[in-house]
Amino acid sequence: MHNQPNKEENLLSADVPEKFKNSESGEVQIDLLMKSYKELEQRLSKNPKAPKSHEDYCINCDHGMFEADGEINRRLHAKGFTNDQAQEVYNLAAEKMVPMVQGMAADFSADREVEKLINHFGGAQQWAEVSRQLLAFGQKNLPADVLDNLSSSFEGVIALERMMKGDEPSLQRNSSNSASSVNDAELSSMMRDPRYWKQKDPAFIAKVTQGFQNLYGK
């Protein structure tokens with residue numbers, strides 16, 4: 001006659017999943033239980049763990065757009081994020097969120113620039129006519145990249161208006177000055193410089209003006 005299992009054995013058996021029991025006798029199969037435990041231990045040993053503290057995260061922000069944030073790291077650590085997982089959060093922010101915010105800021109800035117131009121020229125209708133004239137003038141007389149750069153800001157548009165009105169040197173090429181020390185590429189680069197169209201640096205403006213006179217004539 002088989003010995004009757006005691007109360008402790010019955011309780012142990014009740015806590016063990018059915019897959020570890022003999023289908024006929026209901027006895028716990030220790031060999032299967034130990035095998036499953038070892039496999040679980042191996043899987044856990046291969047999975048990286050979160051560092052002991054959020055201060056132990058090593059986040060790479062070589063892109064220069066932002067730096068690792070202590071509060072963000074603390075919240076990631078509270079969720080059990082490994083270093084690689086935390087790094088991926090920062091990577092996604094740099095890849096997706098920052099360009100989105102920058103785009104929104106650029107759109108807002110562009111709207112503000114247009115608003116300033118409308119006020120400067122006395123209303124939306126007046127600005128529409130001036131902008132049409134400036135575009136036609138710029139397309140005829142300026143390299144495309146210079147026109148794009150000047151038309152992207154209030155200061156650049158005002159500089160373009162001065163050119164159209166003749167307050168800046170004419171852009172008609174003077175063949176007698178073709179051997180000028182300033183070439184088209186250099187002059188275009190100077191016009192893209194914020195010192196010319198934004199900061200209005202007198203010395204730099206004079207240098208650009210002289211370049212126009214030497215290259216194109218007045």
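Quick look at the values:
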read-out: Any chance residue 157 is within 32 Å of the chain's Cα centre (by Cα) and either at pLDDT 85 or above or assigned by TED's automatic domain parsing to the domain that holds residue 192 (or both); value: yes
read-out: Boolean, residue 66 is in contact with a Leu (Cβ under 7 Å, 6 or more places away or on another chain) and either at pLDDT below 75 or closer than 30 Å to residue 98 by Cα (or both); value: no
read-out: Residue among 93, 110 that is under 30 Å from residue 154 (Cβ atoms), outside the structural domain of residue 158 (by TED's automatic domain parsing) and under 23 Å from the mean Cα position of the chain (by Cα); value: 110
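A quick yes/no check of all residues on (1) within 22 Å of residue 152 (Cα to Cα); (2) assigned to a helix (DSSP H, G or I); (3) modelled with pLDDT of 75 or more:
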{"site": "171", "(1), (2), (3)": "yes, no, no"}
{"site": "176", "(1), (2), (3)": "no, yes, no"}
{"site": "185", "(1), (2), (3)": "yes, yes, no"}
{"site": "188", "(1), (2), (3)": "yes, yes, no"}
{"site": "214", "(1), (2), (3)": "no, yes, no"}
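Residue-wise test of (1) at pLDDT below 75; (2) polar (S, T, N, Q); (3) in contact with a Cys (Cβ under 6 Å, 6 or more places away or on another chain).
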| residue | (1), (2), (3) |
| --- | --- |
| 7 | yes, no, no |
| 13 | yes, yes, no |
| 18 | no, no, no |
| 30 | no, no, no |
| 41 | yes, no, no |
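The values are calculated or read from the model by the stated rules, or taken from the named source; none is laboratory data. Note that the coordinates shown come from a computational prediction; the quantities given were computed from them, not determined experimentally. Counting neighbours? That spans all protein chains shown, and the Cβs are built from the backbone with ideal geometry, glycine included.
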